[in-house]
Amino acid sequence: MSLQDKIREIQDFPKEGINFKDITTLLKDPVALKEMIDDLCEPLKGEQIDLVVGPESRGFIVGVPIAYLLNAGFVPVRKPGKLPAAVRKFEYELEYGTDSLEIHEDAVQPGQKVVIVDDLLATGGTMKATAKLIEQLGGEVVSMQFLMELTFLNGRDQLKGYEIRSLISYDK
């Protein structure tokens, strides 16, 4: 079975010219879901991983089962105003403006080894912001794991120095 075959592509969503990769069709298939999680976990088995961090929102879906299988904790990274306790915020540049992400100040302890997981690596902005938040709290990002990567957007260029692994690559 090919995981890529389980991903539905929707033309012109959310706006014209975008070819959206819809993972809901993969997630509803129990065999494909298990394969995705197992494949993302495989290179991490035997590693000392303290936390899995997933950015909002599909990072939650992918990250929690990985954390469970690695016997690690899970930490969400969210858009501003969504976390209830004291937060650390990281603002980053977009093509036309800025965006920001937040993490609880007590989410990562100094020296903890962290894996960041998400469904998609695109431009790299969200991943870079997530990594910076973890590092500001003293954590060490040991790997970034993705189901898909849009290689034509050059997201890896934003993430030099990090170990990056994607199960599926799209070059257009």
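Among the residues of segment 135-168, those identified as charged (D, E, K, R) and part of a strand (DSSP E or B) are GLU140, GLU149, ARG165. So, of the residues in segment 1-19 that are farther than 17 Å from SER166 by Cα and surrounded by 11 or more Cβ atoms within 10 Å (Cβ to Cβ), which turns out to be modelled with the lowest pLDDT? That would be ILE18.
Per the conditions (1) without any contact (Cβ under 8 Å) to a residue 24 or more places away in the chain; (2) surrounded by fewer than 19 Cβ atoms within 10 Å (Cβ to Cβ); (3) hydrophobic (A, V, I, L, M, F, W, C), the sole criterion not satisfied by ALA67 is (2).
Which of the residues spanning segment 93-108 are out of contact with any Leu (no Cβ under 8 Å at 6 or more places or on another chain) and assigned to a strand (DSSP E or B)? Reasoning before the result, please.
Residues of segment 93-108 out of contact with any Leu (no Cβ under 8 Å at 6 or more places or on another chain): 93-100, 106.
GLU93, LEU94, GLY97, THR98, ASP99, SER100, listed by residue number.
Inspection of segment 90-104 identifies at least one residue that is surrounded by 14 or more Cβ atoms within 10 Å (Cβ to Cβ), touching a residue at least 40 places away in the same chain (Cβ under 8 Å), touching a Pro at 6+ places or on another chain (Cβ under 7 Å) and not acidic (Asp, Glu). Among residues belonging to segment 29-64 that are outside any strand (DSSP E or B) and among the β-branched types (Val, Ile, Thr), point out the one that is surrounded by the most Cβ atoms within 10 Å (Cβ to Cβ). The selected residue is VAL62. Filter segment 109-134 down to the residues that are of a type outside the set (A, V, I, L, M, F, W, C) and part of a strand (DSSP E or B), then identify the one that is nearest to the chain's Cα centre (by Cα). Per the criteria, the residue is ASP118. Residues of segment 65-79 that are within 14 Å of the chain's Cα centre (by Cα) and assigned to a helix (DSSP H, G or I): PRO65, ILE66, ALA67. Among the residues of segment 49-64, those that are within 18 Å of LEU137 (Cβ to Cβ) and touching a residue at least 60 places away in the same chain (Cβ under 8 Å) comprise ILE49, ASP50, LEU51, VAL52, VAL53, GLY54, PRO55, GLY59.
The values are calculated or read from the model by the stated rules, or taken from the named source; none is laboratory data. Since the structure is predicted, the reported quantities are computational estimates derived from the model, not experimental observations. Cβ: placed from backbone, ideal geometry, glycine included. Neighbour counts: every protein chain shown.
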